[in-house]
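The structure appears below as structure tokens.
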Amino acid sequence: DEEFDELCFEFGLELDEITSEKDIISKEKGEEKAKGASETVLYKIDVPANRYDLLCLEGLVRGLQVFKERINLPRYEKIIPPEGEGQRLIITGETVHVRPHAVAAVLRNITFTKERYDSFIDLQEKLHQNICRRRALVAIGTHDLDTISGPFTFTAKPPSEIKFKPLNQSQEYTASQIMDLYRTDSHLRHYLHLIENKPLYPVIYDSNGVVLSMPPIINGDHTKISVKTRNVFIECTGTDITKAKIVLDIIVTMFSEYCEKPFSVEAAEVVYPNGKTHIYPELAYRKEKVKPELINKKIGISETPSSLAKLLTRMCLKSHVIGNGNNIEIEIPPTRADIIHACDIVEDAAIAYGYNNIQMTIPKTYTIANQLPLNKLTELLRLDLAAAGFTEALTFALCSHEDIADKLGMDISATKAVRIANPKTAEFQVARTTLLPGLLKTIAANRKMPLPLKLFEISDIVVKDPNTDVGARNYRHFCAVYYNKSPGFEIIHGLLDRIMQLLEVPPSEGNGYTIKATEGSAFFPGRCAEIFAKGQSIGKLGVLHPDVITKFELTMPCSALEINIEPFV
């Protein structure tokens with residue numbers, strides 16, 4: 001495991017964790033649900049978003065083998081069938097307003113196993129989420145070519161006229177019924193909006209009128225592939241032709257390894273509405289020239305041109321030195337759509353050289369660094385709060401709806417909280433708008449500790465703000481709680497006075513600080529005060545309401561103080 005972790009790091013990847021299905025389920029859903037799940041060891045590897053060629057086991061293994069110089073980079077070859085024998089995909093004019101582009105290819109005489117098949121499906125799913133932007137830009141369809149006969153037609157029709165049996169369903173539905181059928185489907189409902197309100201829905205037919213797919217929603221059941229499939233017809237439809245070509249290239253290069261003639265792909269012809277034709281996949285190789293001194297200078301190393309060429313070849317960029325060592329010619333394979341500019345080539349050379357092997361040098365720039373004033377103030381306050389007998393806590397910046405609203409007696413709409421769009425757990429649904437729940441949860445987790453518990457935290461809170469470019473704003477808050485057999489309001493009040501003393505803010509109206517009685521939903525009636533300083537309200541202090549205390553599973557009285565420290569910077 002350590003060696004593999006090291007290899008991943010050298011290759012520019014990160015072995016995130018070593019886990020198993022059982023561990024993942026028990027972490028997300030609890031021990032009960034995890035019973036009977038597989039305990040096979042799984043490697044969770046973080047792949048950079050630009051490396052589509054590493055998104056499946058085939059590509060990853062191939063990349064690592066080339067990197068370790070165990071194999072040479074395979075040469076991907078496009079086989080153009082004799083005139084009239086190849087597959088054709090005809091695009092009609094109706095598609096222009098829904099999904100105007102389509103590309104296609106065929107994997108001939110492929111041999112699947114359960115593992116290869118699962119990897120094939122999984123790669124499509126990963127590409128859908130990543131480069132295809134949740135199928136908005138490209139949708140992939142893979143079909144068993146032996147169940148259909150070309151030429152194929154990509155057209156668009158009114159939903160009522162499209163009728164077929166969708167994947168893994170037992171009966172035929174019209175397109176409108178399919179939309180209703182999948183409205184509750186946890187996986188497919190996210191894609192319905194892409195075509196739902198269009199007058200025509202895209203659809204692909206074969207020459208006998210069999211529906212291959214209704215992109216970007218679902219394939220037909222008739223053409224579904226299985227482990228036994230020998231010939232796969234791949235079509236990618238979309239709104240972005242460049243992305244569609246990349247997606248097709250990635251799928252065919254990754255899985256052509258399992259064809260009878262490895263790394264060969266049968267081309268298909270696409271006929272456009274204007275009558276023009278184009279052969280796909282493009283599988284384009286192209287040459288780039290980069291000067292060795294540029295690579296050395298950008299990375300901060302001094303390697304010979306030939307060793308730089310060798311480094312690049314290990315990164316799947318076949319390179320050799322030309323012109324007396326003045327230039328390196330690099331061949332960019334079709335799997336590396338992420339190489340757009342010379343700097344991408346330099347980056348790969350740096351990864352192959354090893355970031356840890358680059359000598360650290362002091363930059364030749366002369367600048368004087370300064371601490372951010374807000375952080376400087378935070379650091380100074382931390383020390384003095386610890387000196388005042390309080391213990392610092394660091395809590396999560398995300399919490400649940402209940403923590404910041406229901407448990408504090410407020411309505412969620414009044415908190416101006418920033419929500420997470422698709423939270424993985426109920427604990428992390430919103431960004432915190434106050435530090436108090438985090439500290440109360442910390443006390444709840446430490447109830448066995450001897451009383452009194454005196455905690456503080458100085459961290460950022462987040463609230464919505466339509467006037468900023470990102471729609472939200474951070475404020476640096478300070479929060480302290482005192483938990484004991486008696487509420488200890490005077491201790492929290494004393495802490496406020498101490499902070500103001502440190503900030504050199506006198507207790508007076510005008511340019512000093514004052515506190516005025518007020519009511520707060522989280523505080524005990526008549527035991528809450530608002531704090532004013534620098535002519536503005538900066539927070540509240542008081543004794544917490546018994547309801548709040550019980551909702552956080554605590555049993556003793558507690559007093560709290562929370563202020564915004566930004567006005568004092």
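The values are calculated or read from the model by the stated rules, or taken from the named source; none is laboratory data. No experiment lies behind these values; they were computed from the predicted model shown. Glycine also receives a Cβ, built like all others from the backbone with ideal geometry; neighbour counts cover every protein chain displayed. Heavy atoms of the whole protein, side chains included, go into the accessibility calculation; ligands, DNA and RNA do not. Shrake-Rupley method; radii C 1.70, N 1.55, O 1.52, S 1.80 Å.
Determine the dipole magnitude for region 286-357: charges of +1 sit on the beta-carbon of Lys and Arg, -1 on that of Asp and Glu, nothing else is charged, the reference point is the Cα centre, and the result goes in debye to the nearest 20.
Magnitude of the dipole: close to 120 debye.
Which is farthest toward the positive dipole end of the chain among 422, 74, 309, measuring Cα position about the Cα centre, with Cβ charges +1 (Lys, Arg) and -1 (Asp, Glu)?
422
Spin-label point model (7 Å from Cα, Cβ direction): what's the residue 65 to residue 171 distance in nm?
Inter-label distance under the simple model: 4.9 nm.
Just how large is the dipole of region 373-568 about the Cα centre, in debye to the nearest 20, putting +1 at every Lys and Arg Cβ and -1 at every Asp and Glu Cβ?
Computed charge dipole of region 373-568: roughly 320 debye.
Give me the 1.4 Å probe accessible area per residue for the chain, excluding ligands and nucleic acids, in Å².
Dividing the accessible area of the chain by its residue count gives 52 Å².
Would you work out the charge dipole size for region 1-46 about its Cα centre, treating the Cβ of every Lys and Arg as +1 and the Cβ of every Asp and Glu as -1, and quote it to the nearest 20 debye?
Magnitude of the dipole: close to 520 debye.
Amide H of residue 152: which non-local residues (sequence gap of 5 or more, or other chain) have their own amide H closer than 5 Å, using H built in the peptide plane?
88, 89, 90
Using a cut-off of 11 Å between beta-carbons, work out the net charge of the residues near residue 313 (Lys and Arg +1, Asp and Glu -1, residue 313 not included).
Local net charge: 0.
Would you mind counting up the charge near residue 446? Only other residues with Cβ under 13 Å from its Cβ, with Lys and Arg at +1 and Asp and Glu at -1.
The answer is +3.
Report relative contact order for region 1-46 in percent, whole number only (criteria: Cα-Cα under 8 Å, sequence separation at least 6).
Result for region 1-46 is 43 percent.
Calculate how steeply helix 373-387 sits against the longest principal axis of the alpha-carbon atoms of the chain, using the helix alpha-carbon long axis, and give the answer as 0 to 90 degrees to the nearest 10.
The helix 373-387 is inclined about 50 degrees to the chain.
Just subtract the alpha-carbon distance of residue 3 and residue 146 from 0.36 nm times their residue separation and send over the number in nm, one decimal.
Difference between extended and current length: 47.1 nm.
For Cα pairs less than 8 Å apart in space and 6+ apart in sequence, what is the mean separation divided by the residue count of the chain, i.e. the relative contact order in percent?
11 percent
If r is the Cβ-Cβ distance from residue 136 to residue 341 and R0 is 41 Å, what FRET efficiency results, to the nearest 0.05?
Rounded to the nearest 0.05, the efficiency is 0.95.
Taking the structure as given and computing Rg/Rh (Cα atoms, Kirkwood Rh), which label from (1) 0.97; (2) 1.08; (3) 1.04 fits?
(2)
Could you derive backbone 3J(HN,Hα) for region 78-90 from the dihedral phi with the Karplus parameters 6.51, -1.76 and 1.60 (θ = phi - 60°), listing whole Hz in sequence and x where the residue is Gly or Pro?
9, 9, 9, x, x, 3, x, 9, x, 7, 10, 10, 9
In nm, to one decimal, how far is the residue 463 label point from the residue 547 one, both placed 7 Å along Cα→Cβ?
Label-label distance for residue 463 and residue 547, simple model: 2.2 nm.
Tabulate in residue order the Karplus-calculated ³J(HN,Hα) for region 529-537, using 6.51 cos²θ - 1.76 cosθ + 1.60 with θ = phi - 60°, rounded to whole Hz; enter x for Gly and Pro.
Once θ is set to phi - 60°, the couplings for region 529-537 become 9, 9, 9, 10, 8, 6, x, 9, 7 Hz.
Tilt of helix 114-129 relative to the longest C-alpha principal axis of the chain, in degrees (0 to 90, nearest 10)?
For helix 114-129, the angle is close to 60 degrees.
Search the structure for amide H atoms under 5 Å from the amide H of residue 263, placed 1.01 Å from N in the peptide plane, and list their residues when 5 or more places away or on another chain.
Amide H to amide H, under 5 Å and 5 or more residues apart or across chains, residue 263 pairs with 257, 258.
Give me the tail of P(r) for region 493-551 as a percent: Cα-Cα pairs with distance above 12 Å.
So the pairs more than 12 Å apart make up 66 percent of the total in region 493-551.
For the residue pair residue 358 and residue 517, what label-to-label distance in nm results when each label sits 7 Å from Cα along the Cα-to-beta-carbon direction?
Distance between the two pseudo-spin positions: 6.5 nm.
Using the charge dipole of the chain (Lys, Arg: +1 at Cβ; Asp, Glu: -1 at Cβ; taken about the Cα centre), state which of 442, 319, 493 has its Cα farthest towards the positive end.
493
Length gain on complete extension for the stretch residue 424 to residue 444, per 0.36 nm per residue less the alpha carbon to alpha carbon distance?
So the chain would gain 4.9 nm between residue 424 and residue 444.
How far, in degrees from 0 to 90, does helix 241-255 lean away from the longest principal axis of the Cα atoms of the chain, to the nearest 10?
Compared with the principal axis, the helix lies near 80 degrees.
Pairs 29/228; 228/276; 35/424; 22/424; 416/534: which exceed 26 Å Cα-Cα?
Where the Cα-Cα span goes over 26 Å, the pairs concerned are 29/228; 228/276.
Looking at region 373-568 only, what percent of DSSP beta bridges run antiparallel? Nearest 5 please.
The answer is about 95 percent antiparallel.
Can you pull the percent of the chain's accessible area that's carbon plus sulfur, 1.4 Å probe, other chains left in place?
The nonpolar share, carbon plus sulfur, comes to 52 percent.
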